[in-house]
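To keep things clear, I will list the structure first and then write my remarks on it.
Quick note: the coordinates plus some simple rules give every number you see, no bench work behind them. The shown structure was predicted, so the numbers you read here are calculated from the model rather than taken from an experiment. Glycine gets a Cβ as well: all are built from the backbone with ideal geometry, and neighbour counts include every protein chain shown.
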Amino acid sequence: MTQGLEGVVAASTRLSHVDGEAGQLILAGYAVEDLAPHATFEEVAYLFLHGRLPEPAQLVAFMRDLASRRVLPPVALEVLREAAAAKTAVIDALRMATALLSLGRKEDPLEDSMTAIASFPTIVGCYWRLLNGEKPVEIRSDLSEAAHYLHQLFDAVPTPERARALETYLNTICDHGLNASTFAARVIISTRSDVISAITGAVGALKGPLHGGAPGPALDMVFEIGTPERAEAFIRAKLDRGERIMGFGHRVYRVRDPRADVLAHAAERFFSSDGDKRLYALARSVETTALRLLREHKPDRRLDTNVEFYTALLLHGIGLPTQLFTPTFAVGRVLGWSAHCLEQLAEGKLIRPQSVYVGPKGLRYDRAPAGVASSESGTSRR
């Protein structure tokens, strides 16, 4: 019996391949380190939705189409205002607004996918401003998806370096095998439900801390250490107490997470031209010390840097608070969810695994229904 379906093949996909033993991630045929740092998010989106990179004219049309879908339905804005008044968490507000994207629309899988991909930056950016007592920003159609998201958050057109850093992140995390939220989306769409319903369910799965990850705590540790000189004593003390070092080790990868390498290089490029260079130097020092001490304390386990460590550093560097780390992940991962929905619809098979019953057997129900007289002795059982 396999608990949690671990190791069970539930679908075939052309979208991503995760090789945990080799430390390899392939995105629609391309190694993540080849695609993510160089392609635009729109190119990756076209690749995932259509199975090939676009020609220049196709890319222009695709970008124009995406940009035209950024405006939210009025009712979604009202829900976001009510959610902000109640101080609802960002990921919950995203789930609520996502469900409204189909309002007044005829169901069409590809159209719904495009709308969800285009709308997520607007939802998160708009809600963040409302939550902080600020007015939503007017939507511009002349910005890339990454630049649009930062513009929605901060009411300023980002520098090319800042937009490229975010774009690399979104490309890197857009898909990663049959993870919990992607599986949730595929299960929902396999019932022949609609794409918006499936993506709403995926957001609900992402909310859970066992899936949403912990890039925030990885950054908190760096801040708490403060200076490179304190790293060894701090990390050694945590290991002696049996505590986990956040940002290191991965359930799937037995070697270094390839996404960590991509984001490490993205952080290096970004911090060399923008951001707090001292923070970058501190993070690299903490990483070096942590890897050395982990190998010393746990020589039988391979605990390398994972995607959370450099996610935290990069997103913080471009100005995002930790409350936006998981919603920003959703802004990238909605592409993978959408593509998996289209793939599952094409396959046409209902996902219906079995369970193993472990409860009691042979019990007998011998109570008469309440208020019904017993046939024994002409009396009622009370």
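A few notes on this one:
- Cα gyration tensor shape of segment 226-382, rounded if a/c is under 1.5, else prolate or oblate by comparing a/b with b/c: prolate
- Each residue in His151, His38 was given a count of other beta-carbon atoms within 10 angstrom of its own, and listing them fewest first yields His38, His151.
- Under the membrane-span-like helix rule (DSSP H runs whose alpha carbons stretch at least 20 Å along the helix axis, mean Kyte-Doolittle hydropathy -0.5 or higher), the chain yields 109-131, 258-273, 277-297, 325-347.
- Positive-end extreme of charge dipole, the chain - chosen from Val356, His316, Ile139 (charges on Cβ): Val356
- Gain on full extension, evaluated as 0.36 nm per residue between Arg269 and Ser141 minus their Cα-Cα distance, stands at 43.4 nm.
- Label-to-label distance for His38 and Arg52 is 1.9 nm, based on points extended 7 Å past Cα in the beta-carbon direction.
- Global form of segment 1-101, assessed from the alpha-carbon gyration tensor, a/c cut-off 1.5: oblate
- Placing +1 on the Cβ of every Lys and Arg and -1 on the Cβ of every Asp and Glu, with no other charges, gives the chain a dipole of roughly 1300 debye about its Cα centre.
- Rounded to the nearest whole angstrom, the semi-axes of the ellipsoid equivalent to the chain, taken from the Cα gyration tensor as √(5λ), stand at 38, 30, 23, largest first.
- Residue pairs, from the table Lys87/Lys135; Lys207/Lys238; Lys135/Lys207, whose Cα atoms sit over 20 Å apart: Lys207/Lys238; Lys135/Lys207
- About its Cα centre, the dipole of segment 40-90 is roughly 140 debye, where the only charges are +1 on Lys and Arg Cβ and -1 on Asp and Glu Cβ.
- Calculated translational diffusion coefficient of segment 219-317 (25 °C, 0.890 mPa s; Stokes-Einstein with Kirkwood radius over alpha-carbon pairs) equals 180 µm²/s.
- Annotation: extensible slack from Ser68 through Arg105 equals 11.8 nm (criterion: 0.36 nm per residue apart, minus Cα-Cα distance).
- Charge dipole of segment 219-317 (Cα centre as origin; +1 on each Lys and Arg Cβ, -1 on each Asp and Glu Cβ, all else neutral): 340 debye, rounded to the nearest 20.
- Farthest positive-ward along the chain dipole, Cα basis, beta-carbon charges - from Leu282, Ser190, Phe329: Ser190
- Between the listed residues Pro54, Val44, Gly226, the Cα displaced farthest toward the positive end of the dipole of the chain, a dipole computed from Cβ unit charges relative to the Cα centre, is found at Gly226.
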